[in-house]
Amino acid sequence: MDKKHLKAYGNHLIIDLHGAGHLDDMSLMKAAIHDIIKQTGTTLLFENFHHFHPSGITGIACLAESHISVHTWPEQNFAAFDVFMCGKAQPELAITILKHYFGGTENVTVLKRGIKATCSK
């Protein structure tokens, strides 16, 4: 396989935060997501968040460069984030920002989206 023909259209980070706090605070969650958008220089198209009762948040920020989504389980101190960005955006900046807002330890999986490989003969 000729590596010069490999191209990733974007990086998709799957970020699990364990031992995190404040995962039921909607204002803080929106502030964290907006901070990621600001620090990565991406463009917010729209957002939709829902606060479950008795606890938990689910939400998505649709970006021109893709999306950021979140699902929280405050009773388990766990949050699952997807941060997918294309172009020159740096989604890895989200890790430090999320840890700043919610603490905990992270487990991160990085997917290179849209890689197309062609074989050279």
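Quick look at the values:
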item: Residue list for segment 51-75, filter: more than 22 Å from Gly114 (Cα to Cα) and either without any contact (Cβ under 8 Å) to a residue 24 or more places away in the chain or out of contact with any strand residue (DSSP E or B) (no Cβ under 9 Å at 6 or more places or on another chain) (or both); result: Phe52, His53, Pro54, Thr58, His71, Glu75
item: Segment 20-36 residues that are of a type in the set (D, E, K, R) and buried (at least 16 other Cβ atoms within 10 Å of the Cβ), paired with ones that are in a helix (DSSP H, G or I) and at pLDDT 95 or above (beta carbon under 6 Å, 6 or more apart); result: Asp24/Pro74; Asp35/Ile97
item: Filter result for Asp16 (part of a strand (DSSP E or B) and under 22 Å from Glu106 (Cβ atoms)); result: yes
item: Where Glu106 falls short, out of the listed (1) touching a residue at least 24 places away in the same chain (Cβ under 8 Å); (2) part of a strand (DSSP E or B); (3) touching a helix residue (DSSP H, G or I) at 6+ places or on another chain (Cβ under 7 Å); (4) closer than 16 Å to Lys30 by Cα; result: (4)
item: Verdict on Glu47 being in a strand (DSSP E or B), farther than 13 Å from Asp25 by Cα, charged (D, E, K, R) and free of Cβ contacts under 8 Å to residues at least 60 places away in the same chain; result: yes
item: Residue match in segment 90-103 (condition: among the hydrophobic types (A, V, I, L, M, F, W, C), at pLDDT below 95 and surrounded by 17 or more Cβ atoms within 10 Å (Cβ to Cβ)); result: no
item: Test result for Ala32, modelled with pLDDT of 95 or more, of a type in the set (Gly, Ala, Ser), assigned to a helix (DSSP H, G or I) and under 17 Å from the mean Cα position of the chain (by Cα); result: yes
item: Failed item, numbered, when Phe81 is tested on (1) part of a helix (DSSP H, G or I); (2) closer than 18 Å to Gly104 by Cα; (3) under 16 Å from the mean Cα position of the chain (by Cα); result: (1)
item: Verdict on Leu23 being assigned to a strand (DSSP E or B) and at pLDDT 95 or above; result: no
item: Any pair with Cβ under 8 angstrom, 6 or more apart, that starts in segment 76-101 at a residue that is under 16 Å from Tyr9 (Cβ atoms) and ends at one that is of a type in the set (Phe, Trp, Tyr); result: Cys86/Tyr9; Pro91/Phe84
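The values are calculated or read from the model by the stated rules, or taken from the named source; none is laboratory data. Keep in mind the model is a prediction, meaning the values are calculated, not measured. Positions of Cβ are backbone-derived with ideal geometry, glycine not excepted, and every protein chain shown enters the neighbour counts.
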